[in-house]
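To keep things clear, I will list the structure first and then write my remarks on it.
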Amino acid sequence: MELYEAIEKRHSIRQFTDEPIAAATVERILAAGLAAPSSNHQRRWELVALTDRERIEGLSKHIRNLPCRFKEPKSPQQQMMKIAYPRQRSMVAEAACIIAPYFKQKYPIGGEKGEWGLNDFGATWALIENMLLAATAEGLGSVVHVPMKKEPEEIRAYLGVPEGYYLPALVMLGHAATDAEVPEQVEATVEKKTHWNAW
């Protein structure tokens with residue numbers, strides 16, 4: 001798949017079939033992530049990839065659904081909440097592969113040196129986006145889950161990750177279910193969102 005087509009087709013998929021992903025495909029997606037730019041070329045990433053069904057289901061037990069009060073959505077954001085919030089756990093449990101992209105946290109995020117901590121945080125999101133696009137190019141569905149509240153520490157303990165590593169998001173990969181719900185997208189065009197040479 002051509003790059004611009006993958007960018008256009010990438011959407012968050014939260015419902016997967018039980019079909020596994022070939023190991024070579026997973027490795028190509030991981031390699032695409034690791035090709036991302038990083039702060040000072042340090043590449044302080046460590047990826048934990050889960051493909052074992054029991055391990056994936058075990059991890060899903062540490063994920064909590066979010067409450068959603070919108071029964072009749074009136075905007076794309078509300079539609080997304082109605083689709084996504086109740087599926088936080090199931091989209092993890094149904095995934096054929098979960099990737100936990102950790103980075104070695106040299107600086108805190110926020111505070112006096114917060115700008116330095118954001119370098120590694122931003123680089124890890126570049127890694128995540130590379131993997132999402134690679135998954136799309138491979139014909140797979142993908143979605144991220146940002147761990148909240150007690151989830152980061154529970155996930156770290158479950159995966160046996162050493163202290164000092166930070167997880168911006170989990171990445172779920174799988175073959176999209178035929179009836180997977182995708183919310184309406186808010187349009188963002190160059191004409192509407194770009195300010196040339198100044199605001």
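The values are calculated or read from the model by the stated rules, or taken from the named source; none is laboratory data. Given the structure is predicted, the values throughout are model-derived calculations rather than measurements. Every residue, glycine as well, gets a Cβ built from its backbone with ideal geometry; the counts of neighbours run over all protein chains shown. What goes into the accessible areas is simple: the full protein's heavy atoms, side chains included, and nothing from ligands, DNA or RNA. Shrake-Rupley method; radii C 1.70, N 1.55, O 1.52, S 1.80 Å.
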| said: Checking A31 against (1) touching a Pro at 6+ places or on another chain (Cβ under 6 Å); (2) in a helix (DSSP H, G or I), only one condition comes out false. Which one? | reply: (1)
| query | Looking at Y85, Y107, which one is open to solvent by 50 Å² or more (accessible area, probe 1.4 Å), within 19 Å of L173 (Cα to Cα), free of Cβ contacts under 8 Å to residues at least 40 places away in the same chain and not charged (D, E, K, R)? | reply | Y85
| So which of A24, A6 ends up being open to solvent by 30 Å² or more (accessible area, probe 1.4 Å), more than 28 Å from K149 (Cα to Cα) and at pLDDT 95 or above? | A24
| Matching option when the condition is in contact with a Phe, Trp or Tyr (Cβ under 6 Å, 6 or more places away or on another chain) and hydroxyl-bearing (S, T, Y), among Y107, Y85 | Y107
| task | Could you list all residues from region 119-164 that are within 20 Å of R43 (Cα to Cα), among the acidic types (D, E) and buried (at least 18 other Cβ atoms within 10 Å of the Cβ)? | result | D120
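Do you know which of the residues in region 34-57 that are small (G, A, S) and part of a loop (DSSP other than H, G, I, E, B) is most open to solvent (accessible area, probe 1.4 Å)?
For region 34-57, the residue satisfying everything is A35.
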| query | Would you pick out the residues in region 165-191 that are modelled with pLDDT of 95 or more, over 20 Å from the mean Cα position of the chain (by Cα) and open to solvent by 70 Å² or more (accessible area, probe 1.4 Å)? | reply | T178, V190, E191
| Every residue from region 14-29 that is of a type outside the set (S, T, Y), over 30 Å from Q79 (Cα atoms) and out of contact with any helix residue (DSSP H, G or I) (no Cβ under 7 Å at 6 or more places or on another chain) | A22, A23, A24, V26, E27
